[in-house]
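*Asks:* Here it is: the structure, laid out below.
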Amino acid sequence: MSGVGLLKTDYLDPKSVVEKAKPGVFTLDRCEHGGGTNQGPSTSCYGDFRSDDGELKLTDAPLKESHDAEGTEAGEDFPARAIRPAAGPTEVFRTDDQGESNLAMRGIGALGLTLLGVMLGGFAGRMMMVPGPARSRLGAGLGFGTVVSLLLWLIGRGTGGGFWA
């Protein structure tokens, strides 16, 4: 279940925001490195967004995914999309090749975690089978699937904004 939730929050929700949001340019102002959380230190990046049509101007707007500012210095800009919902925080996402790649990799990571849940459920179901060649083949397939799902999760989360970004 956590894999499905992660797929929704890390990939599907941002993708729908990007599709609905106004295109424009985000100029990075600063990134602040905060103290530790349960998952380690956190980084928050802020800057100014101006839509292509000039209708939406945001100052000191938080970049939704701070790792999207990777390799960008203060004062530099990149293509982005932003939305100011009626309720809740403003959301700004990078939409050049790097931003699209980060979003895709987060989706792959979430898919890997979802697949891992399916594999673990398969192992539970396998325990109810009668010992024999079918159970052995299923175990081998589930073992392979578990390794693949872990690799998808680690590579996707790691390069798309998790551990190594």
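*Asks:* Which of the numbered conditions does residue 42 fail, given that it passes all the others? Conditions: (1) closer than 25 Å to residue 21 by Cα; (2) within 17 Å of the chain's Cα centre (by Cα); (3) among the polar types (S, T, N, Q); (4) surrounded by fewer than 19 Cβ atoms within 10 Å (Cβ to Cβ).
*Replies:* Exception for residue 42: condition (1).
*Asks:* Going through 65, 76 one at a time, which residue ends up being exposed (fewer than 15 other Cβ atoms within 10 Å of the Cβ), charged (D, E, K, R) and touching a residue at least 12 places away in the same chain (Cβ under 8 Å)? Full working, then the answer.
*Replies:* Details: 65 fails: exposed (fewer than 15 other Cβ atoms within 10 Å of the Cβ).
None of the other options fit; the residue is 76.
*Asks:* So, one more: If you go through the stretch 19-38 one residue at a time, do you hit one that is assigned to a helix (DSSP H, G or I), of a type outside the set (Val, Ile, Thr) and modelled with pLDDT under 90?
*Replies:* Our first condition is that a residue be assigned to a helix (DSSP H, G or I); within the stretch 19-38, this holds for 19-20.
After this cut, where a residue has to be of a type outside the set (Val, Ile, Thr) as well, the list is 19-20.
Checking which are modelled with pLDDT under 90 leaves us with 19-20.
Within the stretch 19-38, one or more residues are assigned to a helix (DSSP H, G or I), of a type outside the set (Val, Ile, Thr) and modelled with pLDDT under 90.
*Asks:* Right, next: Do you know which residues across the stretch 51-90 are acidic (Asp, Glu) and on the phi < 0 side of the Ramachandran plot? Quick ask: steps written out before the conclusion?
*Replies:* Residues of the stretch 51-90 acidic (Asp, Glu): 52-53, 55, 60, 65, 68, 70, 73, 76-77.
Within the stretch 51-90, 52, 53, 55, 65, 68, 70, 73, 76, 77 qualify.
*Asks:* I need the full set of residues from the stretch 74-109 which are in a strand (DSSP E or B) and closer than 16 Å to residue 9 by Cα, in order please.
*Replies:* Looking only at the stretch 74-109, we keep the residues that are in a strand (DSSP E or B), and these are 77-83, 91-94.
Within the stretch 74-109, 91, 92, 93 meet the criteria.
*Asks:* What residue, among those in the stretch 52-67 that are closer than 10 Å to residue 82 by Cα and in a loop (DSSP other than H, G, I, E, B), is nearest to the chain's Cα centre (by Cα)?
*Replies:* Of the residues in the stretch 52-67, the ones closer than 10 Å to residue 82 by Cα are 56-58, 61, 63-64.
From what's left, in a loop (DSSP other than H, G, I, E, B): 56, 63-64.
Details: 56: 25, 63: 13, 64: 10 Å.
Step by step, filter the stretch 52-67, then rank; the result is 64.
*Asks:* Kindly check whether there is at least one residue in the stretch 138-148 that is on the phi < 0 side of the Ramachandran plot, in contact with a Phe, Trp or Tyr (Cβ under 8 Å, 6 or more places away or on another chain) and at pLDDT below 90.
*Replies:* Checked the stretch 138-148: no residue is on the phi < 0 side of the Ramachandran plot, in contact with a Phe, Trp or Tyr (Cβ under 8 Å, 6 or more places away or on another chain) and at pLDDT below 90.
*Asks:* Sticking with this one: Determine which single condition residue 136 fails, assuming it passes every other condition in (1) surrounded by fewer than 19 Cβ atoms within 10 Å (Cβ to Cβ); (2) in contact with a helix residue (DSSP H, G or I) (Cβ under 7 Å, 6 or more places away or on another chain); (3) outside any loop (DSSP other than H, G, I, E, B); (4) not charged (D, E, K, R).
*Replies:* In the conditions (1) surrounded by fewer than 19 Cβ atoms within 10 Å (Cβ to Cβ); (2) in contact with a helix residue (DSSP H, G or I) (Cβ under 7 Å, 6 or more places away or on another chain); (3) outside any loop (DSSP other than H, G, I, E, B); (4) not charged (D, E, K, R), residue 136 misses (2) alone.
*Asks:* Does residue 65 satisfy the condition of being at pLDDT 85 or above, in contact with a strand residue (DSSP E or B) (Cβ under 9 Å, 6 or more places away or on another chain) and under 25 Å from residue 42 (Cβ atoms)?
*Replies:* Numbers: at pLDDT 85 or above: no; in contact with a strand residue (DSSP E or B) (Cβ under 9 Å, 6 or more places away or on another chain): yes; under 25 Å from residue 42 (Cβ atoms): yes.
No, not satisfied.
*Asks:* Looking at (1) over 30 Å from residue 47 (Cβ atoms); (2) touching a helix residue (DSSP H, G or I) at 6+ places or on another chain (Cβ under 9 Å), which is the one condition that is false for residue 121?
*Replies:* Condition not satisfied by residue 121: (2).
*Asks:* Looking at this structure, is residue 57 loosely packed, with under 12 Cβ neighbours inside 10 Å, modelled with pLDDT of 80 or more and farther than 19 Å from residue 156 by Cα?
*Replies:* In short, no.
The values are calculated or read from the model by the stated rules, or taken from the named source; none is laboratory data. Because the structure is a prediction, the values reported are computed rather than measured. For neighbour counting, all protein chains shown are included, and Cβ atoms are generated from backbone atoms with ideal geometry for every residue, glycine included.
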